[in-house]
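Single-structure report; data block below.
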Amino acid sequence: MNRVMARPVLYILFLLPALSLYIIFMGIPIVESFYYAFFQWDGVTESTFVGLDNFKELFADEVFYKSFANNLYFIAFSTLITLPFVIVISLLLSKIKKMMDFYRTGVFLPTILSTAVVGVIWLFIYHPEVGLLNNLFRSVGLDAFAQNWLSDPKWAMLGVLVANAWQWNGFYIVLILTAILNVPKEINESAEIDGANGWQKLWYITLPLIRPILVVVMLLSVAGSMKALDIVIVMTNGNPFQTTEVMATYMFTKAFREYQYGYGSAVAVVIFLITLIFTWIIQLLAKKGEDYEY
Amino acid sequence: MGPLKNIALSAALLSLAVLSGCGSAATTTENSTTDGAKEVTLSLRHTQIKETTKTRLKILEDVVKQTETNNPGLKIELEGVDENVNRNQKLKAEMAAGNPPEIFEMFGGSDTQLYVKAGRLLDLTEFLETSGLKDQFVNLEEFTVDGKIYGLPFGGYAEGVFYNKKLFQELGIEVPKTWDEFVQAAEKLKAAGKVPLALAAKDAWVNGMLFNSIWERHVGINGIEGLVNGSTKWTDPNMVKAFEDYAVLVNNGYFTNGALGLPYSEQGAQFLKGDTGMVFTGSWDANRFTTDEAGALKGNIGFFRFPSIAGGAGDQTSINAGYSNGFGFSNNVSPEQKEKIYAFIKEFYSEEVQKRTLLEDKVLPSMKLSDLSGVDPLIAEVIQTINGSTSAYKAFDAIVQPSVNTALGNSLQELIGKVKTPQDVAEKMQKEQEKANKSNK
Amino acid sequence: MNTNPVVNQKQKSETGAFPLTNPIAWLTRKNALPHLALIAYLLVTLYPLVWLAISSFKTQREITVDPWGLPSALHWENYAEAWKAAKVSTYFFNSFYISVLTCLVILAVGSLAAFAISRMRFPRASTAVYQLFLLGLVVPGGVLLIPLYRLIQQMHLIDNHLSLILINATFALPVTIFILVAFMKSIPRELEEAAIIDGLGAAGLFFKIILPVTMPALVTVFILNFINTWNEFIMAMLMLSKESLRTLPVGMSVFKDAFQTNYSLLAAAIMFSVVPVTIVYFFLQRKIIEGVTAGSVKG
């Protein structure tokens, strides 16, 4: 049977469409833009080769470090707060039979919106005077809790993160929920016969079985946090005074608004490399865990 | 890059053949010449795709139709693209590759300079001189590079203070002529529980407008221009004073609460709500201020020039005004196309079209108009203010490098957020300026 | 799909009394807590959307002056105006068929690749390919815009929906492959072995066993990619200049520019974009559940 699943021609044939699309529309642009990381280029006129100068400048750039720190905040929030929360909601949803269509559609709804629309909504929610959040606090007498959410450097980044979580939770919930429901009923049933209680089933059966998808969700959420661009642009545009700047917005500003395409490309290369390292670490940890279990 | 790309391209075409079931095949856009009138096609890229720019688009479409009627065989294809996407990516990529549309919307200042440096723009100097059009424009400075003209503005703007006439009357406030009167007016408004100055500055450029005027009053336009060649410094005493005055407005609490978290569109909305005394902005907002959104304020909004500052080195009765929104033209065109581009210019840049733009779109004309009848009173007030000013100066972002522009936006936000002092900010700006001057970006 | 009567019966017996008829008895049941938690979560999640729906009936001034209040009257004309200004009739169709085709390309190409990576016996090559796709996941997209635009120009695909379909499909590939690989890996080997003993080849196995079993994952991937393509703005703006070719997000962007936002029309336009997708999602998520039941019964 190994023969059947080890036919090289078939293997190549199955991979070819994906690989050719990928190499043409992703590979070429990536190589081309990374190539400019070694040039000083305004994006229009002649470019000059500057070797590693862009990277040297980058590593001495305070704003870049600040934005990197914000990306770390982003990752921490999405993996330590959002992800466990999303798993809990998915587990709750998987238990429920009544009104499940309503729940499953409801939790997913924000994901249907585009980021631009999410921005419009949340700017109204965070509005210092007429905003929903401050109105809510004031109406219950908690005036002290009312803040200038997006203009106060203490709160602005958190404000962006909450809006981002609101938008994407549905996406992750649907993924995890599908995985949970995909766990064969027989396994759960036989565990019940063996006398396993709810928690044991969750810990020894459900979680290990949905582990591959949890790793994927983790990868997506870390990669997404590192590349975050749109949500920051619509919410704060990196402000107040660049306290919510992330690496991708910094790249965007440099490459397109300040006519430093080469420098912007260098930022992109660095984002790429750091994210790659992070995702490798996640994969390594995931593998390690597997070894212990079996 | 070359060979790699070719291999990949042929691979791409191969897979396209497989996938081409969906979507039409690529069409070639070569101009075919038939008998009779010579057929010429021009592409015109505009950015008037928003609901608020419907009027402007209509005017453009009418001009295009008229040009086509007057030039048999000419076809002008309009294509509308989002302003940011066009400016940041699309037009830029085309400029790098040398294949922009024949006619395109373009900003004066740094964009124009960049495209001239790349050698992509049609030099209009001779045509404008022989046709006599040149003298009809108010100001072509932002489209002029090394004495040659590469673009034509279709409108202008002026920045100043729009104020709520009702509130001013109720509180007995006179239009301020000096900085002190301005501060007193703001103080009165604040005491009456109103917001003196509407501000929504999530986007850093918004802060730059009001600061630009305070700055010019203190250092003069030469002082601003001197930064780029190093003859003046951000740390010069009068520069620091400009930051200090700006900080006065901040520290006295004259701006909207939480301004740094609000999108620009919110600023006009706040002002129109009626409990805000003034807003410093450009004449582009005048259009909005005369619509139904103004509610009870409609017709009760006035405009004044930023007040003078005693002891400042600038022209105390000047106004920030510019003509930077315009059209550029590709020099990668055939002689026939060039001729038709000129035909379009003659059609578009006429007193008639300019007057129509002023009346319907409420954009300040870029050409000298003899007849200003029928103009909306608020717009008329803006035009009178410009005419009554001793000089007009262009915005700082058309002078300093883009990276300095970004830094200034941040610095002003830092002042508003009260995390830096004027002195700190000035020092930081000087550092950024030196870096930009050195790399000449 | 085959619905198992036994499963349905079981569901029914678990659901218990309807909350309105006997709330106290209901509260004491095991599932009350999850329901309460979910309802709380949904309130927070859905309120902004309800607000959006309400706003679509208000005037611009009502929204800016009293954003959270109710409309003075139902301004249905917002919908008529938004329909016209955002050219919903044309753009909706464009968006719809582009999104569907994109998703079909993604599913076809992605599931083949995921199958090869997860089930075929070339562990080394598969690891390499998997990591190659990971690169696509970590690359920041913004910087690719200009090279991509030039590539599409050279391919003469500007103003051709094919460019959007191919680009969107490619950009969705890494995520799609990751998700599908994860699901396909979890299919028990015994299932595969049994099929091969029955005489199925790799292709047969893929079409007859793996695809049906991963149907819930395929539908999920379809939904997620559909929404991403449905909302995609910058590529659509970059690659398409002709008005007749534009997509719905481009149409919706007409209500928001650098200086002003027309909130009431924007809200109405958003409804045109969101409501149909919500309805489609409502039925598709049922398919996921049905698929799961069907798949697990087979397994």
Span-like helices, chain A: DSSP H, alpha-carbon axial extent 27 Å or more, mean Kyte-Doolittle 0.0 or greater, which ones?
-> A:153-182, A:261-293
Mean other chain Cβ within 10 Å across A:236-246 is 6
Hydrodynamic radius of the range B:368-441 per Kirkwood, over alpha carbon pairs, in Å = 15.4 Å
Of C:210, C:284, C:248, farthest towards positive along the dipole that unit charges on Lys, Arg, Asp, Glu beta carbons give chain C | C:210
For chain B, with a Gaussian network of springs between Cα atoms less than 10 Å apart, report the residue from B:297, B:121, B:372 with the top mean-square fluctuation.
-> B:372
Over all Cα pairs of the range C:87-298, the Kirkwood radius sets Rh, and Rg/Rh then becomes 1.04
For helix B:335-348, what angle does its Cα long axis make with the longest principal axis of chain B, in degrees from 0 to 90 and rounded to 10?
-> 40 degrees
By how many degrees, between 0 and 90 and to the nearest 10, does the Cα long axis of helix B:179-191 differ from the longest principal axis of chain B?
-> 80 degrees
Any idea what the dipole of the range C:87-298 comes to, in debye rounded to 20, about its Cα centre with Lys/Arg Cβ at +1 and Asp/Glu Cβ at -1?
-> 120 debye
Toy charge model, Lys and Arg Cβ at +1, Asp and Glu Cβ at -1: the range A:227-288 dipole around Cα centroid in debye, rounded to 20, equals 280 debye
For the range A:53-293, what ratio Rg/Rh do Cα atoms give with a Kirkwood hydrodynamic radius?
-> 1.04
Counting only DSSP loop positions in the range A:206-274, the trypsin sites (Lys or Arg not before Pro) whose Cβ has at most 16 other Cβ atoms within 10 Å are none
Which is the longest stretch in chain B that no exposed loop site breaks, taking sites as GluC sites (Glu not before Pro) with a DSSP loop state and at most 11 other Cβ atoms within 10 Å?
-> B:175-441
If B:315, A:42, B:424 are placed from fewest to most neighbouring beta carbons inside 10 Å, the sequence is B:424, B:315, A:42
Report, in degrees rounded to the nearest 10, the 0 to 90 angle that the Cα long axis of helix B:264-273 makes with the longest principal axis of chain B.
-> 50 degrees
Hey, got the dipole for the protein assembly as shown? About the Cα centre, +1 on K and R Cβ, -1 on D and E Cβ, debye to the nearest 20?
-> 3260 debye
Taking the convex hull of Cα positions in chain B, its mean projected area over all directions (nm²) | 25.5 nm²
Would you work out which of B:426, B:195, A:252 lies farthest towards the positive end of the dipole of the protein assembly as shown, given +1 charges on the beta-carbon of Lys and Arg and -1 on that of Asp and Glu, about the Cα centre?
-> A:252
Within the protein assembly as shown, what percent of beta bridges assigned by DSSP are antiparallel, to the nearest 5?
-> 65 percent
Cβ neighbours within 10 Å from other chains - mean over B:195-205 | 3
Computed over the protein assembly as shown, the distribution of all Cα-Cα distances in 10 Å bins, rounded to whole %, is 2, 10, 19, 23, 20, 14, 8, 4, 1, 0
Net charge over other residues, Cβ less than 15 angstrom from the Cβ of residue B:219 (K, R count +1; D, E count -1) = -2
Among the DSSP beta bridges whose two residues both lie in chain B, what percent are antiparallel, rounded to the nearest 5?
-> 60 percent
In peptide C:48-54, what is the residue-averaged number of other protein chain Cβ atoms found within 10 Å of each Cβ?
-> 4
Which order results if B:62, B:361 are arranged by neighbouring Cβ count within 10 Å, fewest first?
-> B:62, B:361
Span-like helix ranges in chain C, DSSP H, alpha carbon extent 27 angstrom or more, Kyte mean at least 0.5 = C:32-55, C:88-119, C:161-185, C:263-298
Based on other C-beta atoms within 10 Å, arrange C:64, B:235, C:59 from fewest to most.
-> B:235, C:59, C:64
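Every read-out reported here was derived from the displayed coordinates using simple, explicitly stated rules and does not represent laboratory data. Owing to the predicted nature of the structure, the values given are computational and were not obtained by experimental measurement. With ideal geometry, Cβ positions are generated from the backbone for all residues, glycine too; neighbour counts draw on all protein chains shown.
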